[in-house]
1. To the nearest µm²/s, what D does Stokes-Einstein give for the range 125-215 at 10 °C and 1.306 mPa s, using the Kirkwood radius over alpha carbon pairs as Rh?
2. For Val340, enumerate residues with amide H under 5 Å from its amide H, sequence gap 5+ or separate chain, H modeled in the peptide plane.
3. Just report the Cα centroid separation between the range 317-387 and the range 141-169, whole Å.
4. One quarter of the convex hull surface, Cα atoms only: what value does that give for the range 285-354 in nm²?
5. How high is the relative contact order of the range 125-215, given as a whole-number percent (alpha carbon pairs under 8 Å, six or more residues apart)?
6. Need one number: the % of Cα-Cα pairs in the range 318-386 sitting beyond the 15 Å mark.
7. Count charges around Ile231 for me, please; just the other residues with Cβ under 9 Å from its Cβ, Lys/Arg as +1, Asp/Glu as -1.
8. For the pairs Lys247/Lys315; Lys315/Lys349; Lys186/Lys264; Lys40/Lys199; Lys32/Lys130; Lys247/Lys326, flag any whose C-alpha to C-alpha distance is greater than 29 Å.
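Nothing in this text is a laboratory measurement; each read-out follows from the coordinates by a stated rule. Since we're looking at a predicted model, the values are computed, not measured. Ideal geometry is used to build each Cβ from the backbone, glycine not excepted, and the neighbour counts take in all protein chains shown.
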Amino acid sequence: MTVSRFRYLFSRYYSGQSTPEEQQEFMLLVEKTEHDEELKQLLDELLLDADDVGAMPDDTAANMLQQIMQTTSGGVAPAPIRVVPLWKRAAIAACILAAISVTGYKLYQKSSPVNMPVASSHPAQPKNEKARLVLGDNSVIDLEQTDTTTVAVQSGVSVNQQGNLLSYNSNSAIITPTVNTIYTNKGGTYQVVLPDGTKVWLNAASSIRFPTAFTDSTREVAIQGEVYFEIAPQANQPFIVKTNTTKIAVLGTHFNVMAYEEEKDICTSLLEGGVNIINGTSVRRLLPGQQALVNREHNGISISNADVNAAIAWKEGRFEFNGNIKTIMRELARWYDLQVIYEGEVTNKSFAATFSRQDSLNDILEQLELTGTIHFNIADKTITVSP
């Protein structure tokens, strides 16, 4: 089961970790009938987990909810409750009471997958989120060490740096383009505004290769790893994203591409607009809310509906796991800069969980171990995974 945005906000809300903005978003989603079944399921799971919480009459729960919502938590006033059906108000009250009665987080395990609430947050040490820039003459600029606001990449091209953002200008008439490449480190992310105004976010251990000006009939870039795009619309100059085996052709849209070499599939998730996925002679149209999978060993393109917001959880500072332990460990290795080895026949069960990327690695591994199906041994930067 994909860990939805609604499940994430529910977990944050009942644990008392949600920000005022997240509280507001959660209450807006609660109003929508499309989340009724998911809310009932989440409440059932939570009440099963809280052994000492019993059922309560609807009117009692609603009164308790009103009292709870009128009380600030940690000095932050919760978002106001709108006109919501009574059972929903009772459900929210019950989940808050359950959270009060349960100390810490418990993990509940079903046959498949293993579902986990958000882990307790112990902030990790600040990460090096910088990157390096390789210019057209192959010289390298370490963006971690560069503290200037202007980066010289080519005569006639001005590039501004602000924190983890590099912005290229859009004046292409006076230069002959060269090619630049931005690489992110393990454990780091970076943003770049391309010469046409397209906004790009790079996940850890990723890269994007692009010209310093888009002067051809198409705007072409090449990526490795995972990259999120917000394309600047230009009807007469289509935007093309290349991976080793796949092309994605767009005019103006928001989408995410995961193309790490160690992953067997290249995954494109579309949030807005429309794109064409091109693999060899196969061409498929992708619509908002869909994901396209291209297997590196085959020419076919598989398209399905998906929670595309989960695909960009990394961009918002979250892990949203929904896969087996090897899939999860590959993602953790890229973020925490680790080597992973396996001993014995580790479980192939799917784990569904949400964590903050600021959680310590130990916290995340401890939560996974509580399922009773997996164990970890850490030595320096090597993790051994065993049954």
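1. Using the Kirkwood radius from Cα pairs, D works out to 121 µm²/s.
2. Ile383
3. So the separation of the two Cα centres works out to 36 Å.
4. Value for the range 285-354: 6.5 nm².
5. 29 percent
6. 48 percent
7. With Lys, Arg at +1 and Asp, Glu at -1, the net is 0.
8. Lys40/Lys199; Lys32/Lys130
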